[in-house]
1. Below 19 Å, Cα to Cα, which lysines can A:Lys47 reach? Residues fewer than 8 away in the same chain don't count.
2. Please report the Cα spread of region A:144-189 along all three principal axes, rounded to whole Å, starting with the longest.
3. May I ask you to evaluate 6.51 cos²θ - 1.76 cosθ + 1.60, the Karplus curve with θ = phi - 60°, for each residue of region B:259-274 and list the ³J(HN,Hα) values in order in whole Hz, giving x for glycine and proline?
4. Computed from the mean reciprocal separation of all distinct C-alpha pairs, what Kirkwood hydrodynamic radius does region B:124-264 have, in Å?
5. Report relative contact order for chain B in percent, whole number only (criteria: Cα-Cα under 8 Å, sequence separation at least 6).
6. What fraction, in whole percent, of alpha-carbon pairs in region B:2-335 exceed 27 Å separation?
7. Under the √(5λ) rule applied to the eigenvalues of the Cα gyration tensor, what semi-axes describe the equivalent ellipsoid of region A:68-140? Give them in Å, descending.
8. Please rank A:Ile193, A:Ile25, B:Ile483, fewest neighbouring Cβ atoms within 10 Å first, as an exposure proxy.
Amino acid sequence: MATGIKDKVAIIGMGCSKFGERWDIGPSELMAEAFEEALQDAGIERKQIEAAWYGSCSDPISVGNSAIPASMALRLDGIPVSHMENMCATGSEVLRAAAYAVASGAVDFALAIGAEKLKDTGYGGLPFVYKGTFNDLWLPLGSTPAGFAQLAAGYRAKHGTSKDDLKRAMAHVSWKSHQNGLLSPKAHLRKAISMEQILNAPMIADPLGLYDCCGVSDGAAAAIVTTPEIARALGRKDMVTIKSIQLAISSGVESGTSQWDGSYIRTTRAAAQKAYAEAGIQDPRSELSLMEVHDCFSITELSTMEDLFISPDGRAVHDILDGFFDRDGGLPCQVDGGLKCFGHPIAASGLRMAYEVYNQLQGRAGERQLVNPDIGLTHNLGGVPYLGIAAVSILGLYAGK
Amino acid sequence: MSKTQSFGITGFGGYVPRLRMQRSAIAAAHQWMAPGLRSHAKGRRAFCSWDEDSITMAVEAARDALENHPRDTIASITLASTTLPFADLQNSTIVAGALGLASEVRTLDVGHSQRAGTSGLIAALRQGNAPALFIASDRPRGKPASGQEIGFGASAAAFTLGSDKVIATLLASSSRTALFVDHFRGEGASYDYYWEERWIRDEGYLKLVVDTVETTLLEADISATEVNHFILAAPFKGVATAVIRKLGIAAEAEADELQADCGYSGSAHGLLMLAHVLERAEPNQIIVLAGFGQGVDVLVLRTTDAIGSFRPQRGVSGALADAQDHVAYLRLASYENAIDLEWGMRAEKSIKTALTEQYRASDQLPGFVAGRCNGCGTIQFPQLPYCVNPACNASRAEFEAQPLFDEPAQVLTFTGDWLSYYPAPPLYVGFVQFDQGARLLMEMVDVGAAGLDVGTPLRMVFRIKDVDKVRGYPRYFWKATPIQA
């Protein structure tokens, strides 16, 4: 009987590049920026890394496919380096792969790195996505915001929420993250915005206005993992271990059957249930110290509060407007500013979330530091609500000896 | 001609695009350089949305005619037009696929003349006894600020032909040929080149058409005064009235040219008028249909006692009434490819069709065929190797074909997307929930002032999905449209 990976893997080093419009550097340098910080943090040598997973999603405009570009950029000579792509959840996927390598006993040190260079397209927003030769023949076009915007229609219909109430709660989500982003030196957008600005912004995909959408940035983030025993031997204190990393992927139930009503994200619910079970969490609302969720759009974060079973169905609007997820609320969410302020270099985001939780747990979050957090959640979502990939990870301080 | 006694028209239908441009808006846009257009500024002209063409209109007209008609018995389909999207790729084959006709159906495109509609109908009526489908569909283009741009429209008309429950029979038909070049359009040219209207009217219509109508009426043993409906579509005003007067046909027999809400729609227009006339024709009435273009075609038809037994799904009058008013002239200019707007870098996305994949998918995409799982009853689109229901997962071998295009449906989720490249922003996209259980993400088109909401009733329409501008290849699929414009 499988026992999961709880407390079998420790994170001993993390790095995160400055996110933003990095006109100054290319994808290889972005990787190097995150890698160096992680290596230094871990206190090990490059050649001690025995396996690596590299995530990137927009290969045609970045360094190209396969793991060779990462191996070249970081000079990972003679070890297995794998390329991973699972849309916007890629950052969590590479961490899972590295963690499984350590948990299996195959290696002592593994590297997970995600990098994305989005600002080499010549236009704003995400690069083109091709859906495959068959889907191209029938699946409608539509931007990522259009995929998530539909949640608003489904949510309103299910819960009878008025357009105005929903729009105000969505605006509060973005307002809160921009407040938090002010305290994040590595964030892309560090500017407070008013509720009025958010509510009156130009429409991107009804009802999502400009400020309901996260930024688009270049960035990279990395983690080095090992066993708790080795971490202890290296003298780590306040050791952060992985309590769980779980994923769930759409198989067509949402988009092809009437078993889904359009008001929530089914994959997040499945991944959360498995992650809580693996980590041994009974009541996430009271047990978690902080959350970094996939706020690609304000409506996504709103739905996610219910999909992670923090707010009861239909109550996220009230929890949000009551400030429950603000940095001084009951369960702070996006204390670093989230995707909203960091932007979303696709394959880096999952690791960037882990980076914030990792630093908060060790009391290293500077001005953003929360009081004595001991367990945090990251939620990383790929695709769109009905054709998606949800990853839920739980990281916590190591209680063992 | 004993064959024509028992073989004839058994049903009819029509389609006019929902989009109508106020002619006053066209005249106002060109007023600085063509103030004379003001005299043509009455009414509205129909125009194709960016995703409509002579193929998609043909499909809609045929669906209007075919509602309860058994499709598997149709032995041939003829498509007449001078504006078909493909020069070498049989357009009627695409129409047959969208209509779900049997693969044994005989297909034929006719074109190259404003007479394509009438010549095609004569040939189809004379071809024999096998049930046939005849469609004329056209969207003639006019250069900006031309009389054609403001006067032309777009439409399609469809007729089922057969020997069972015939509603109109062909008494006589005749044709004549004459290289009278009133206008021409060379291969690859966008617009027609027209000669002077007065010459076309006096030497063309008033001599050649009048002459051929007289000959055909004589052959049918019908006198001019017996004609109840006279149909002559012409690209400019007053022609039919002058022809009727010269022929001695009663003025009230002149069929409505449908100028107020459509405009001259090329080789399909006379057929559209015929479908419109058949909606209100009484038993045993004489209908004369004339077509003009490098000669003349004339058909003399007589309605039967069964005329009242057929009703199209909504008919030409239903299509004309289903209108959406537009006043932004540049929308028309852009949809007609008369102007090249800056769509940004997102429009650079490659839209290459894998023709191999398109062929493999021909059992489900053109006919919008979902699969009903015999294991659990789930109706699903697209059909993948296993049933989508996680409690079932039966093999696709257990699926039964279930076409979705006529199934009632409504909006489950939706949004208006301003970010994606789309030639008619915003792109409305969302989940369509069919009453019988199927659901899928679809594009929603021709959304009017009433907008969309969860629960808005929808119907399916066959449209251009994407246009590959690099290779000149449009690909087609089904979209949803609100039933109320």
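1. none
2. In descending order, the Cα extents are 40, 22, 12 Å.
3. Rounded to whole hertz, the list is 6, 5, 10, 9, x, 4, 10, x, 5, 8, 5, x, 6, 4, 5, 5.
4. Computed over region B:124-264, the radius equals 17.3 Å.
5. On the way: 1136 pairs, mean separation 85.2, N = 485.
Rounded, it is 18 percent for chain B.
6. Numbers: 22073 of 55611 pairs.
The answer is 40 percent, as a whole percent.
7. Numbers: eigenvalues 180, 57, 26 Å².
Square roots of five times the eigenvalues give 30, 17, 11 Å.
8. Numbers: A:Ile193 19, A:Ile25 16, B:Ile483 13.
Ordered by Cβ neighbours within 10 Å, fewest first: B:Ile483, A:Ile25, A:Ile193.
Every number in this text was worked out from the coordinates using simple rules, so none of it is lab data. Every value quoted in this text rests on a predicted model; they were computed, and no experiment measured them. Don't worry about glycine lacking a Cβ; one is built from the backbone with ideal geometry, like all the others, and counts go over all protein chains shown.
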